[in-house]
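Participant: First the structure, which I've put down as structure tokens, then a few questions once you've had a look.
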Amino acid sequence: HRDEYLSSLHNVDKTGRYEHWLNFFLQCVGKQLNETQELVESIYGLYDATKSRFRLTKSPYLLPFIDFLFLSPIFTLPQAQTALGSKAYLTTNRLVKLFQDANIIRDLKIRRGRAKLYAFTPLINILK
């Protein structure tokens, strides 16, 4: 598309007629808008599905943890603990383990300092 864009833009310089370039530009904007809309809908769908999947989990930290995953799909346990405002390491660890057991979070087998890195793979897969 770059060549067509540059050619159309060059014709605007030569002829002063911008209709072809404007049409091309707006078509590209429309395509990007549709792709972005699909991406946003996929993310909202994942968010709703994730909340629904754990609806029976009794933790006041569950929804804040899900929100955190969407803000930081790659994280450490201390980062999650800080984001949740949880003073209890065990609470945060239990939520991470719950999501790991459900194959939603995976241990990246990499460390950031002394802390393990985890990935919220469903969101990362959408964003690829």
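Participant: State the number of residues belonging to the stretch 96-112 that are farther than 15 Å from F70 by Cα and either assigned to a strand (DSSP E or B) or in contact (Cβ under 8 Å) with a residue 24 or more places away in the chain (or both).
Facilitator: 8
Participant: Let me ask something else. Go through the stretch 69-128 and give me each residue that's among the aromatic types (F, W, Y) and out of contact with any Leu (no Cβ under 6 Å at 6 or more places or on another chain).
Facilitator: Within the stretch 69-128, F70, F75, Y89, F99, Y118 meet the criteria.
Participant: Can you list residue pairs whose Cβ atoms sit under 8 Å apart, with the first residue in the stretch 13-32 being farther than 15 Å from D3 by Cα and the second being surrounded by 11 or more Cβ atoms within 10 Å (Cβ to Cβ) and not hydroxyl-bearing (S, T, Y)? Count only pairs 6 or more apart in sequence or on different chains.
Facilitator: Every condition considered, the pairs that remain are R17/N11; Y18/V12.
Participant: I want to confirm something. Restricting to the stretch 113-127 and keeping residues that are in a strand (DSSP E or B) and under 20 Å from the mean Cα position of the chain (by Cα), which single residue is surrounded by the fewest Cβ atoms within 10 Å (Cβ to Cβ)?
Facilitator: Per the stated criteria, the residue is L117.
Participant: What's the total number of residues in the stretch 23-78 that are in a helix (DSSP H, G or I), in contact with a helix residue (DSSP H, G or I) (Cβ under 8 Å, 6 or more places away or on another chain) and closer than 19 Å to T91 by Cβ?
Facilitator: So the answer is 11.
Participant: Right, here's the next one. As an exercise: evaluate K87 against (1) basic (K, R); (2) surrounded by 13 or more Cβ atoms within 10 Å (Cβ to Cβ); (3) outside any helix (DSSP H, G or I) and give the number of the one condition it does not meet.
Facilitator: It is condition (2) that K87 fails.
Participant: Out of all the residues in the stretch 90-99, which are crowded, with 18+ Cβ neighbours inside 10 Å and modelled with pLDDT of 95 or more?
Facilitator: Residues satisfying the conditions are L95, V96, F99.
The values are calculated or read from the model by the stated rules, or taken from the named source; none is laboratory data. Keep in mind that what you see is a predicted model, and the values were worked out from it rather than measured. So basically every Cβ, Gly included, is an ideal-geometry build from the backbone, and we count neighbours across all protein chains shown.
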